[in-house]
Ligand code: GLN
Ligand code: ZN
């Protein structure tokens, strides 16, 4: 095909669409089913209606080829496990008794059986259920759901392309099943898995699918030669099948790197590549391998995981270049639209001027269609859209919201010295010891206390106007009183106010910072039926007023013991929000850091001697390619230090992270230069304590001794044993005693008892020193 006819054939498509429906109908139906109010038939009907509505909406918008199989009751990786028959032994009985209940048992567990583990889908905030595989795993094909959903779309008269998780990514995302040696490599099961994929492909072909998409996002991560060989083998085998649809192998979230030549050579009919952000490097890489002559290229030029309008002119330039590199070029979002909210026009509280800069799933669909039309018919055919897009981009670039001269002057003036505490740690530690006078093995908590029903009711009441601000604030004060008095009685050394005023650790701050937007309907699936509304970092960030000082001071006024100030760190603020795409992430982080620095300063000025800045997202935000780690960690750790380095040496800075695997960020943790770090460690038997100690970490550490992910109350003996394990690695002068994480999801009963045991354990071990 010449590049002119390649252009004329350009089509618009997407890989997936938000599942929840306009009013989160899916959440309601699934939760209703769990509670018993909704029957299985009704749930299935609701799901089918939601799928049909989404397809119709896509088709009406001009999408030429709609995805099928992207829908899920809970998670598409779990669906893949069902498709290949990889049901863990402990769930088999439930699945055989009832497929749907068995499916939810794998997702959520039951009274007797643990669910599959859940973890983040690459560097997004979507969570998938981790396949559990072992040398005994037998795969069997079940293409029912894929075939049914394809048939549903076909019945609507639509051209549909089933989308499956690819076999290599599926295995790379899996972990050894319980009881299987940790060294077991699921990829060794590839030869057993491929025939199952072959069967599903044949079934889809028989159902009428011309194309099937196999998603291989795991190939955008660093891959070993063995993994790349396995990829080559997988697609040689699948490509060599005779009874199969055309194969489109998709990757997204980053550039393919060494996997690109492997896939370009594979005997498949098309590739779908991401061309946004760091994945734009795919363009040169594709040219370097000689393009995809005679093949289909689906170009992900519209960012599928952020909320901003596309630069249509720039995308057309990319598409025009790609035309010379493939037999046919189609236009898509970079990844499934699952990661963005449904419709920006539903946001009535956002200034209409600013709302024009936003593109959620529906708006992105329109952009894709416009681009495909522009590619096929020339820019003249989309002149009006291009003009409107240019005007919107200009309004964003020229807006006072995105360019606040005061904020800009401040970030530009930041020096390396601003982001460092002037005194070395040892000097600070001495000053803090003198000021705080804490015992050895001091006890503390991570911040939040149980969020009671009354508290949530008060918050809802305030929103609905049933109670006024004064009444709400009285409620908060009462909670703080209770939390402080409990901690004093329990004998905790460094207290917290309990965070009762926070709905969420990011949103609470976003609401108070200028430049941050909240949405009313911007729901995005986090996992299963849990949806979140990430705030949007839209403009330059500044802090009009102190955000937490009043509550911390109130708590401090109730006690002589130190009350920790409690803030969310800059990296976590970025990680759990939609970020700006018109400036480097590090610049946005620096703006947030300066706002937090002011807050830290105000807390210190109000008398806080201990201030905690949480960074639970530091590690999960690591770029997918290790080549990008150093640059990320440089700005991330600088932002943390910038937030915390403006205080006197006797103010003790704490940080907190909730994970137990640290391999790749040990150095970064050191670079934060926090005086104290608390970490999750109860389940891993203090492993992180040993790791940090071995790495020569010089400051104080609080490895958690109370697993807050479970309602179980740890006994005094248990907590004491963990502390003694901790002492094998960390000297008593540097060991803290605390839970793994905040207590907001727990009940008061368990929390009381657990913290009393934790204090008793600290005393017991302290007395034995
Ligand atoms: N301070 C927060 C809390 O206790 C920390 C939460 C977190 O680490 N995710 O809730
Ligand atoms: Zn935590």
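The values are calculated or read from the model by the stated rules, or taken from the named source; none is laboratory data. The structure presented is a predicted model; accordingly, all values stated were derived computationally and were not measured. Cβ sites come from the backbone with ideal geometry, for glycine too, and all protein chains shown count toward neighbours.
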field: Failed condition for residue 688, given (1) within 16 Å of ligand 1 (Cβ to nearest atom); (2) part of a loop (DSSP other than H, G, I, E, B); (3) at pLDDT below 95
entry: (2)
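Please work out if residue 417 is more than 16 Å from ligand 2 (Cβ to nearest atom), touching a residue at least 40 places away in the same chain (Cβ under 8 Å), over 20 Å from residue 566 (Cβ atoms) and not in a loop (DSSP other than H, G, I, E, B).
Values: more than 16 Å from ligand 2 (Cβ to nearest atom): yes; touching a residue at least 40 places away in the same chain (Cβ under 8 Å): no; over 20 Å from residue 566 (Cβ atoms): yes; not in a loop (DSSP other than H, G, I, E, B): yes.
Taking the combined requirement at face value, the residue does not satisfy it.
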task: Would you please name the residue that is nearest to ligand 1 (Cβ to nearest atom), looking only at residues in segment 698-717 that are in a loop (DSSP other than H, G, I, E, B) and in contact with a strand residue (DSSP E or B) (Cβ under 8 Å, 6 or more places away or on another chain)?
output: 704
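With respect to residue 634, determine if the residue is away from ligand 1 (no atom under 16 Å from the Cβ), at pLDDT 95 or above and more than 23 Å from residue 121 (Cα to Cα).
Working: away from ligand 1 (no atom under 16 Å from the Cβ): yes; at pLDDT 95 or above: yes; more than 23 Å from residue 121 (Cα to Cα): yes.
Against the criterion (away from ligand 1 (no atom under 16 Å from the Cβ), at pLDDT 95 or above and more than 23 Å from residue 121 (Cα to Cα)), residue 634 qualifies.
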- request: Collect the residues in segment 311-335 that are part of a loop (DSSP other than H, G, I, E, B), surrounded by fewer than 24 Cβ atoms within 10 Å (Cβ to Cβ) and in contact (Cβ under 8 Å) with a residue 40 or more places away in the chain, keeping them in residue-number order.
  value: 311, 324
Strands (runs of 3 or more DSSP E) wholly inside segment 123-218 containing at least 1 residues that are more than 20 Å from residue 66 (Cα to Cα): 127-129
message: Filter segment 720-741 down to the residues that are surrounded by 17 or more Cβ atoms within 10 Å (Cβ to Cβ) and without any contact (Cβ under 8 Å) to a residue 24 or more places away in the chain and list them by number.
response: 721
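For segment 729-751, which positions are away from ligand 2 (no atom under 13 Å from the Cβ) and under 15 Å from residue 684 (Cα atoms)? If you could, list the steps in order and put the result at the bottom.
Going through segment 729-751, the residues away from ligand 2 (no atom under 13 Å from the Cβ) turn out to be 729-737, 747-751.
729 - this is the single residue of segment 729-751 that is away from ligand 2 (no atom under 13 Å from the Cβ) and under 15 Å from residue 684 (Cα atoms).
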field: Lone unmet requirement of (1) within 16 Å of ligand 1 (Cβ to nearest atom); (2) closer than 18 Å to residue 491 by Cβ; (3) surrounded by 15 or more Cβ atoms within 10 Å (Cβ to Cβ) for residue 744
entry: (2)
message: Consider segment 235-261. How many of its residues are crowded, with 21+ Cβ neighbours inside 10 Å, closer than 25 Å to residue 123 by Cα and more than 26 Å from the chain's Cα centre (by Cα)?
response: 1
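Looking at 664, 671, 675 in this structure, which one is more than 14 Å from ligand 1 (Cβ to nearest atom), at pLDDT 95 or above and within 24 Å of the chain's Cα centre (by Cα)? Step through it out loud before you land on a result.
Working: 664 fails: at pLDDT 95 or above; 675 fails: within 24 Å of the chain's Cα centre (by Cα).
After applying the criteria, what remains is 671.
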